[in-house]
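Asker: Below are the structure tokens for one structure; questions will follow.
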């Protein structure tokens with residue numbers, strides 16, 4: 001387990017990528033599944049758990065409330081008995097996904113205390129939508145400088161219309177609604193595969209959820225849940241990272257465990273650029289024929305192109321043939337890594353929520369800095385298409401989302417090493 005410390009990725013250009021790599025369990029799913037375990041006493045077992053820093057933080061968060069956790073490679077066991085419904089600020093501020101305990105704690109205990117959410121540094125992402133949705137079910141909140149205290153002695157089902165299909169808000173409201181009296185309908189719900197994974201586990205626990213994966217989710221409240229065993233879906237964002245690596249370096253790779261049905265739109269986009277992909281019974285097959293062509297793209301809620309894919313796609317466009325316009329529709333401040341790509345010789349200009357990317361034939365090696373998980377990984381990918389040595393200084397971001405990015409790329413033939421920052 002890599003600790004949350006500053007490391008350097010040292011990348012030197014090599015040949016094409018060949019072979020296979022196994023995509024680990026989804027970071028954006030496992031953390032919410034772990035939060036859901038607080039709703040039922042007993043021992044829950046999760047399989048296909050990625051060995052990443054954020055899982056460690058979530059284990060510590062659950063332990064701080066009174067659960068016990070036991071980890072071995074690919075597996076985490078969480079035993080839930082008496083819990084204290086307080087999520088300590090110092091743990092919550094390390095990881096935004098810890099807000100996912102709010103709904104479950106209110107559902108089970110009628111009370112929850114939560115620190116201010118932290119996590120990646122790309123603009124302001126308040127949890128207002130989570131709170132207003134939970135208020136529709138009867139919760140009340142008081143905010144302080146330290147965080148939020150929620151009271152919900154009697155959650156009642158209700159109709160929640162989300163102003164935006166927020167993944168976190170959909171998850172929190174869905175989990176709270178599972179134990180509310182009566183029926184809850186979430187309209188304009190997020191449709192991500194991670195939502196369906198959470199609903200699948202909750203239904204095994206005894207919940208009655210229908211419609212997950214669509215924009216209307218219906219939940220019939222139940223009075224109690226039981227501990228279960230569940231396998232985490234594969235990480236589609238990690239899979240997209242390897243797709244982009246094949247696009248930049250060229251080659252032919254099998255992404256084991258990756259699910260094509262979760263990645264239709266991004267596979268279609270890279271297909272328009274000239275990267276060939278197809279579903280394989282073991283995952284996704286991908287072939288990079290050489291230099292790709294530019295295409296315009298915009299980020300949209302699922303099933304559109306995810307904002308988390310964008311840094312990889314921009315890295316691809318930086319060395320593609322032609323000019324592309326990239327539009328960010330979801331988050332302000334998600335173009336910070338562009339300055340780093342420009343340092344590497346990319347020709348990119350940003351204007352508000354747009355980036356104009358004029359592809360160059362090769363980037364050049366440089367010292368660059370990662371600002372968040374995906375940006376850090378995207379800079380490593382971009383370095384595969386640079387002349388000379390690139391050093392990506394990473395302040396512990398990448399280990400929050402990738403068990404061993406350097407090792408996985410090395411297994412495909414790339415020259416990527418890590419070392420403590422000098």
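The values are calculated or read from the model by the stated rules, or taken from the named source; none is laboratory data. A quick note: this is a predicted structure, and the numbers were derived from the prediction, not measured. FYI the Cβ positions are ideal-geometry reconstructions off the backbone, even for glycines, and counts take in every protein chain you see.
Asker: Which condition does residue 164 not pass, out of (1) within 26 Å of residue 91 (Cα to Cα); (2) at pLDDT below 95; (3) outside any strand (DSSP E or B), if it passes all the others?
Answerer: Status for residue 164: all satisfied but (1).
Asker: For region 158-182, which residues satisfy the criterion of being surrounded by fewer than 20 Cβ atoms within 10 Å (Cβ to Cβ), touching a residue at least 40 places away in the same chain (Cβ under 8 Å) and touching a strand residue (DSSP E or B) at 6+ places or on another chain (Cβ under 8 Å)?
Answerer: 181
Asker: Can you tell me which of 302, 309 is outside any strand (DSSP E or B), over 16 Å from residue 372 (Cα atoms) and at pLDDT 95 or above?
Answerer: Matching residue, one of 302, 309: 302.
Asker: Do we find a residue being assigned by TED's automatic domain parsing to the domain that holds residue 207, touching a strand residue (DSSP E or B) at 6+ places or on another chain (Cβ under 8 Å) and closer than 23 Å to residue 126 by Cα anywhere in region 64-80?
Answerer: No, region 64-80 contains no residue that is assigned by TED's automatic domain parsing to the domain that holds residue 207, touching a strand residue (DSSP E or B) at 6+ places or on another chain (Cβ under 8 Å) and closer than 23 Å to residue 126 by Cα.
Asker: Of all residues in region 290-304, which are surrounded by fewer than 23 Cβ atoms within 10 Å (Cβ to Cβ) and either without any contact (Cβ under 8 Å) to a residue 24 or more places away in the chain or within 26 Å of residue 27 (Cα to Cα) (or both)?
Answerer: Scanning region 290-304 gives 298, 299, 300, 301, 302, 303, 304.
Asker: So, residue 189, is that one in the same structural domain as residue 404 (by TED's automatic domain parsing) and either at pLDDT 95 or above or under 20 Å from the mean Cα position of the chain (by Cα) (or both) or not?
Answerer: Considered against the rule, which asks whether it is in the same structural domain as residue 404 (by TED's automatic domain parsing) and either at pLDDT 95 or above or under 20 Å from the mean Cα position of the chain (by Cα) (or both), residue 189 comes out as no.
Asker: Then there's this: Considering 207, 227, 199, which residue is crowded, with 17+ Cβ neighbours inside 10 Å, free of Cβ contacts under 8 Å to residues at least 40 places away in the same chain, touching a strand residue (DSSP E or B) at 6+ places or on another chain (Cβ under 6 Å) and within 30 Å of residue 80 (Cβ to Cβ)?
Answerer: 199
Asker: Here's a follow-up. Suppose we keep only residues that are free of Cβ contacts under 8 Å to residues at least 40 places away in the same chain and in a strand (DSSP E or B) within region 342-357. Which one would you say is farthest from residue 328 (Cα to Cα)?
Answerer: Looking at the filtered set, the residue picked out is 347.
Asker: Which residues, taken from region 388-422, are assigned to a loop (DSSP other than H, G, I, E, B) and over 24 Å from residue 29 (Cβ atoms)?
Answerer: Answer for region 388-422, where residues must be assigned to a loop (DSSP other than H, G, I, E, B) and over 24 Å from residue 29 (Cβ atoms): 388, 389, 412, 413, 414, 421, 422.
Asker: Further, regarding this structure: Is there a residue in region 186-195 that is farther than 17 Å from residue 29 by Cβ and surrounded by 15 or more Cβ atoms within 10 Å (Cβ to Cβ)?
Answerer: yes
Asker: Can I ask one more? Pick out the one residue from 396, 407, 401, 376 that is under 17 Å from the mean Cα position of the chain (by Cα), surrounded by fewer than 21 Cβ atoms within 10 Å (Cβ to Cβ) and in the same structural domain as residue 13 (by TED's automatic domain parsing).
Answerer: 396
Asker: Residues that are over 25 Å from residue 128 (Cβ atoms): list the strands (runs of 3 or more DSSP E) wholly contained in region 169-265 that include at least 3 such residues.
Answerer: 229-231, 251-256
Asker: Specify the residue that is nearest to residue 325 (Cα to Cα); the eligible residues are those in region 367-387 that are part of a loop (DSSP other than H, G, I, E, B) and in contact with a strand residue (DSSP E or B) (Cβ under 6 Å, 6 or more places away or on another chain).
Answerer: Selected residue: 385.
A quick yes/no check of all residues on (1) within 30 Å of residue 370 (Cα to Cα); (2) at pLDDT 95 or above:
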| site | (1), (2) |
| --- | --- |
| 65 | no, yes |
| 68 | no, yes |
| 74 | yes, yes |
| 80 | no, yes |
| 84 | no, yes |
| 98 | yes, no |
| 123 | yes, no |
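Asker: Next question, about the same structure. Within region 268-280, track down each residue that is part of a helix (DSSP H, G or I) and within 17 Å of residue 249 (Cα to Cα).
Answerer: 270, 271, 273
Asker: Next question. Which is over 18 Å from the mean Cα position of the chain (by Cα), surrounded by 18 or more Cβ atoms within 10 Å (Cβ to Cβ) and without any contact (Cβ under 8 Å) to a residue 60 or more places away in the chain, of 366, 414?
Answerer: 366
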